[in-house]
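Take a look at the structure below.
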Amino acid sequence: MTSTNPLGGRRGMPLPTVPKGDVIASYESYLEAQQTVDVLARADFPVNGVSIVGNDLKTVEHITGRLSWGRVALAGAASGAWFGIFLAIVLFIFNTGRADLSLEFAAVLLGAGFGMLFGLVSYALTRSRRDYTSQTAVLATSYAVVVDPEIANRARNVLSNAGRGTGTIL
């Protein structure tokens, strides 16, 4: 039996740290850094000694639309209906003696109703502070490909032979 520590991982396993090594390339996008690691992997390079490190992290919030009473009610009903469907499935599995599905149908309707109610109450409480929907992401301004020092020169040779000229090869 294994137990986990409150910071994640199993006991006895080290916590994640920033990798040490040589920065062999730097890019503005994660996709470019990932493509560099793919080039190394295709060349039978030991990629277990390679890391992609995001630098200068920023939180970006993309606004996706305005909130309205109708939109909040619909979203609340939809999420409540999903919970109702879950309950309906549980009822269906454990209540095998009945032929009709009225109880399951009622569970979905009640879930949708309560979801709509909770959504509307939540919106009423936060209306003056937040009248929009958004998606939040954490992005880095640059990505460094870091390689163990013992194999850094080999990685540079593989990248130069592959013509990997995008970004900054160091």
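Which one, P14, P46, P149, has the greatest fluctuation when you compute a Gaussian network model over the chain with C-alpha springs under 10 angstrom?
It is P14.
Quick check: at a probe of 1.4 Å, how many percent of the accessible area of the chain sits on carbon and sulfur atoms?
Here it works out to 62 percent.
In nm, to one decimal, how far is the modelled label at F86 from the one at L57, with both set 7 Å along Cα→Cβ?
About 2.8 nm, to one decimal.
What area, in nm² and to one decimal, does the C-alpha convex hull of the chain cast on average over all directions? Mind dumping the intermediate values first?
Details: hull surface 70.6 nm².
That works out to 17.7 nm².
Between F105 and N153, what's the calculated FRET efficiency when r is the beta-carbon distance and R0 is 41 Å? Round to 0.05. Working shown, then result.
Details: r = 68 Å, r/R0 = 1.66.
After rounding to 0.05, the efficiency reads 0.05.
Per residue, how much accessible area does the chain show when a 1.4 Å probe rolls over the protein heavy atoms, in square angstrom? Kindly include the intermediate steps, with their values, before the conclusion.
On the way: 11820 Å² over 170 residues.
Spelled out: the 1.4 Å probe surface of the chain, per residue, equals 70 Å².
Relative contact order, percent, of the chain when contacts are C-alpha pairs under 8 Å separated by at least 6 residues? It would help to have the intermediate numbers written out before the result.
Values: 244 pairs, mean separation 71.6, N = 170.
Rounded, it is 42 percent for the chain.
How high is the FRET efficiency between D44 and Q135 when r is their beta carbon distance and R₀ equals 35 Å, given to the nearest 0.05?
Values: r = 39 Å, r/R0 = 1.11.
FRET efficiency, D44 to Q135: 0.35.
Find the eigenvalues of the gyration tensor of the Cα atoms of the range 5-103, then list the square roots of 5 times those eigenvalues as equivalent ellipsoid semi-axes, largest first, in whole angstrom. Please report the intermediate quantities before stating the final value.
Values: eigenvalues 445, 120, 54 Å².
After diagonalising the Cα gyration tensor, the semi-axes are 47, 24, 16 Å.
I need the peptides 119-130, 24-35 ranked by packing, meaning the mean over residues of other C-beta atoms within 10 angstrom, with the highest value on top.
Numbers: 119-130: 12.1, 24-35: 17.5.
Taking the mean over residues of other Cβ atoms within 10 Å, the ranking is 24-35, 119-130.
How much length, in nm to one decimal, is gained on full extension between R127 and V23, taken as 0.36 nm per residue of separation minus their Cα-Cα distance?
On the way: separation 104, 0.36 × 104 = 37.44 nm, distance 4.75 nm.
That works out to 32.7 nm of additional length.
How big is the range 117-161 in terms of Cα radius of gyration and Dmax, in angstroms?
Radius of gyration, then largest Cα-Cα span, for the range 117-161: 24.2, 62 Å.
The values are calculated or read from the model by the stated rules, or taken from the named source; none is laboratory data. Everything numeric in this text was worked out from a predicted model, so none of it was measured. Every residue, glycine among them, receives a Cβ derived from its backbone with ideal geometry; neighbour counts consider all protein chains shown. Note: areas computed on protein heavy atoms with side chains; ligands, DNA, RNA excluded. Shrake-Rupley method; radii C 1.70, N 1.55, O 1.52, S 1.80 Å.
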